[in-house]
Amino acid sequence: MEAHKEGAARPEHYRIEVADERLDFRDFQVDDPKPLGRQILAAAGAAPVEEFSLFAILPGGDFEDVRLHEAFDLRGRGAERFVMFRTDRDFKFEIDGRHLSWGKPVISGIVLRRLADVQSGYDLYLEVRGGQDVKVLDDSVVRLDASGIERFLTVIKDTTEGRSALPASDVTFLADNGIAYELVGEAGQPGVVLREFPLPAGRYNRERADILVLLPPGYPDACPDMFYAAPWICFPDGRSPLNADVEHVFAGRRWQRWSRHSQEWRPGIDGLRTMVARIRHALEVSK
C-alpha cells in the first residue's frame, strides 16, 4: 500500500472583510490567494457582481479601486478589508491628505469619521477654499458630486479653559484663506502674527485683533503652546476672558496671553490650519 505523500497540498483559505455603504464589515473566505474583483464580490454575496464597485482599504487608509477582472494579492497581508457599492460611479475625496472613494453622491458625517478612523478627541471639517471651514457633525450629510474633489481635515477639539494645541498647514493655508500674516522673532524664538484676525461679532470690545502663535523648536513636528492677542481683548463689560489676563512682551509689543494647552499632536497633520480653528473656537466659547 502506497504511503501518503508528505507535503500534500492542503486547500488554504484567505480571510477578507467586506463592508457595504454603511461600513458594516463582515468576514468572508476565499480559496484563491489572488482573487479577481468579481470573486471577492461573489464571496461577499453581491449579485449580480456587474452592478457593484469594489475598493480595497489599504493599510494607510487610502482606497484602491479593484476592477471586476483585476487580481488582488491577499498573501502576507493578514485580513484584507474591502468596501463595495451598488453603483456604476465612484466619488473621490480626501481626508487629511488621504485619497478615498465613495460609491454614492452623498455621505454622512458618522461614515466619514469611521472611514478616517477619527478619534473621539478630534472634530471633522469640510475645507472651504477662501472661506471658513465647515464643521461636519455625525448627522451631517455632505454632497460629493460637486465639481472638484472635496477635502476634509480633522482638528483637535478644544476642551476646558487652559488647554490648547497649535497645528500646521502654513503658507498655502493662509494664502488660500486670505489670512494676512507676518513672521516675527525674538532671541531665537520665531512666531507668526495673524494680522487683523476677525473676532466673533458682538462678543468683545473690538472687531479684530492681531493673533501671535509662537513656534517651538522642531515645529511642525513639535506642538506649539497657547496664543496671544494685541490689542487686549475683553468683554463689553471690561472683564478679561478666563485665563487670558497675563501680559507677555514679545518682538517689541505687549500681548495678552490666552492660556490654552494640549499635549496631543499629530506630526504631519496638525499645523496652522488646526491652530486657526482652535483660536476661533476659543474666542467663541471663552467665559
Share of carbon and sulfur in the accessible heavy-atom surface of the range 21-141 [1.4 Å probe, %] = 46
Could you let me know the centre-to-centre spacing of the range 18-42 and the range 168-234, using Cα atoms, in angstrom?
-> 48
Expected 222 nm ellipticity per residue - DSSP helices of 4 or more, -39500 (n - 2.57), all of the chain, to 500 | -3500 deg cm²/dmol
Counting all Cα-Cα pairs in the range 208-287, those more than 21 Å apart amount in percent to 29
For the chain, longest principal axis from Cα atoms; helix 272-285 axis from its Cα atoms; angle between them, nearest 10 degrees, is 60
Using alpha carbons only, what's the Rg to Rh ratio of the chain with Rh from Kirkwood?
-> 1.14
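The values are calculated or read from the model by the stated rules, or taken from the named source; none is laboratory data. All figures in this text were calculated on a predicted structure; none of them were measured in a lab. Accessible surface is based on the protein model in full, side chains and every heavy atom, while ligands, DNA and RNA are left aside. Shrake-Rupley method; radii C 1.70, N 1.55, O 1.52, S 1.80 Å.
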